[in-house]
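Working notes, beginning with the structure itself.
Read-outs throughout are calculated quantities, based only on the coordinates presented, and are distinct from any laboratory measurement. Predicted model only: the values in this text are computed from it and were never measured. Here the Cβ positions follow ideal geometry from the backbone for every residue, glycine too, while neighbour counts run over all protein chains shown.
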Amino acid sequence: MRIPMVIANWKMYKTVSEAVDFFNRFSNEVEDISGVETVICPPFVSLADLSRLLTNTSLILGAQNMHWEKEGAYTGEISPLMLRELGVKYVIIGHSERRNFFGESDRVVRKKVESAFAYGLFPILCIGENWEQFNNGETQQVLKEQLFSALEELNPGREMMSRLVVAYEPVWAIGTGTPATGEAASKVAGYIRELLRKLWGEAAEEIRILYGGSVNPGNILEFTGKPDIDGALIGGSSLKEKLLAEMARAVFHERRG
Ligand code: PGA
């Protein structure tokens with residue numbers, strides 16, 4: 001069974017004290033929620049404090065990026081080992097903002113996914129087409145290229161494969177207030193699962209596929225209600241504890257039926 005996920009990607013928002021304040025208000029809101037993995041991905045500087053605060057709660061810690069090496073002369077980078085020590089479980093890899101603003105190539109994304117597996121982290125691999133590609137009907141081709149280049153040469157074993165999370169995030173939907181429709185996202189998620197079957201066979205059934213891009217409390221169930229969509233990766237709307245709690249609660253009630 002694929003456990004649904006609600007992931008908060010805070011991007012470069014919230015200082016450490018703001019992150020701690022958020023947690024103090026948020027944890028009460030979601031105390032009674034089970035069967036949904038709620039993952040908080042703050043900026044690196046808040047990981048240590050949140051790690052301590054999340055102990056004994058059901059909330060899970062994620063990072064927004066990492067380097068692929070264990071250590072080395074890479075000024076400004078953070079290694080998988082450093083994340084592990086802080087109790088980080090998930091790591092977002094290949095977010096379109098990393099690809100577009102920081103030149104992260106498919107090759108780098110592949111190295112990072114491989115490294116996440118090697119160091120026992122659960123990679124959240126982001127893929128998605130831009131507006132031009134969407135309009136040219138190239139969505140499937142783009143997703144196939146991104147997914148295959150990240151995973152094709154990897155054979156991490158069945159247990160590791162099931163740790164992978166794939167987030168479908170159309171670039172044109174991120175931060176724009178214009179999400180994909182539930183129908184369209186659902187078709188794409190089905191297509192991604194087909195690709196995963198081609199790559200990794202039966203393990204594909206265990207891999208969670210998320211939708212991301214302008215998700216909010218008003219539309220989250222339009223996505224998570226679809227058979228191949230196992231949750232949401234949320235930016236803007238995850239910054240307010242009330243909204244994030246509302247979304248986690250909505251998915252919790254939906255899955256409970
Ligand atoms: P958004 O961001 O929810 O603000 O559109 C999603 C993301 O970038 O992961």
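Considering only region 210-257, state which residues are hydrophobic (A, V, I, L, M, F, W, C) and more than 14 Å from the ligand (Cβ to nearest atom). Of everything in region 210-257, those that are hydrophobic (A, V, I, L, M, F, W, C) and more than 14 Å from the ligand (Cβ to nearest atom) turn out to be 221, 229, 245, 248, 250, 251, 252.
Taking (1) more than 17 Å from residue 99 (Cβ to Cβ); (2) without any contact (Cβ under 8 Å) to a residue 60 or more places away in the chain; (3) within 16 Å of the ligand (Cβ to nearest atom) in turn, residue 165 satisfies each apart from (2).
Go through (1) over 17 Å from residue 246 (Cα atoms); (2) assigned to a strand (DSSP E or B) and name the single condition residue 39 misses. For residue 39, the exception is condition (1). Do we have residue 122 as in contact (Cβ under 8 Å) with a residue 24 or more places away in the chain, under 17 Å from residue 7 (Cα atoms) and aromatic (Phe, Trp, Tyr) here? Criteria met by residue 122.
Among the criteria (1) over 16 Å from residue 248 (Cβ atoms); (2) touching a residue at least 24 places away in the same chain (Cβ under 8 Å); (3) under 21 Å from the mean Cα position of the chain (by Cα), the one residue 8 does not fulfil is (1). For region 81-95, the set of residues classified as over 23 Å from residue 235 (Cβ atoms) and touching an Asp or Glu at 6+ places or on another chain (Cβ under 8 Å) consists of 81 only. Checking each residue of region 62-70 against the condition of being small (Gly, Ala, Ser) and farther than 26 Å from residue 114 by Cα gives no match. What are the residues in region 176-204 that are away from the ligand (no atom under 16 Å from the Cβ) and of a type in the set (Gly, Ala, Ser), if any? Result: 186, 190, 201, 203, 204.
The helices (runs of 4 or more DSSP H) found entirely in region 56-145 that carry 2 or more residues being away from the ligand (no atom under 16 Å from the Cβ) are 80-85, 106-118, 131-135.
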